[in-house]
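The values are calculated or read from the model by the stated rules, or taken from the named source; none is laboratory data. This is a predicted model, so every value here is computed, not measured. Counting neighbours? That spans all protein chains shown, and the Cβs are built from the backbone with ideal geometry, glycine included. Each accessible area value is taken on the protein alone, full model and side chains, heavy atoms only, with ligands, DNA and RNA left out. Shrake-Rupley method; radii C 1.70, N 1.55, O 1.52, S 1.80 Å.
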Amino acid sequence: MEDVYQAYLALLRSLGESMDQLSALAQKKVAAANGDDLMALDEVMKQEQAMTLAFRGMEQTREKLLAQMNCGNVSLSRLPERFPPAMQGPAREAVAVLQKQYQNYQKESEAARVVLERHLREIDAIITDMGGAPAPQQGGPGYVPPPPPDTPPSMKTDFRA
């Protein structure tokens, strides 16, 4: 049974390493956006998507381990109390480290979001200054494609023949 608890601690450490990687990617995202490097930004976003898939696998592993430990509805902060007494210290430490890594990721992620939103507003302003249509203000977030242009009669094909 102790193997399950060891496996869970290893999972927590792995999650922490992934959080550190996500924090580094958020920093790269800020640098790419500030450097107007769209190719680098695209690459960072692809790496984030790949990590998302890895997180799905970790989540499945976590659920299986929690079920084996009989801790399905226990919060992360209370989980060390459910470990065997000899393992509670390492479990508390692993949880504290993971929580700190998550807080660091949240900080880096928020900084990246702010920078990206600022750049998007700048792009909207440039498009508006160039005579383009301003971004729609109502309707919520997301891309709304412009209506298709009218096709000249000379470009239409008659398929009845």
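Annotations for the structure displayed:
- Computed in the context of the full set of protein chains, the accessible area of segment 1-125 at 1.4 Å probe radius has 53% of its extent on carbon or sulfur.
- Approximate spin-label separation R121-A96, in nm, with each point projected 7 Å along Cα-to-Cβ: 4.0
- Convex hull projection area averaged over all views, segment 33-98, Cα basis, nm²: 6.2
- Phi-based couplings in Hz for segment 39-45 (Karplus 6.51, -1.76, 1.60; Gly and Pro marked x): 5, 5, 4, 4, 5, 4, 5
- Here the simple spin-label model places points 7 Å from the Cα toward Cβ, and for K107 and A7 these points are separated by 3.5 nm.
- Efficiency of FRET between M58 and N34 - r from beta-carbon atoms, R0 30 angstrom, step 0.05: 0.45
- Solvent-accessible heavy-atom area per residue, rounded to whole Å², over segment 26-89 at 1.4 Å: 66
- Neighbourhood charge, 11 Å Cβ-Cβ cut-off, centred on D37 and excluding it, Lys, Arg +1 and Asp, Glu -1: -1
- Area accessible to solvent at S77, 1.4 Å probe radius, in Å²: 80
- All-pairs Cα distance distribution in segment 1-66, expressed in whole percent, bin size 10 Å: 21, 39, 23, 13, 4, 0
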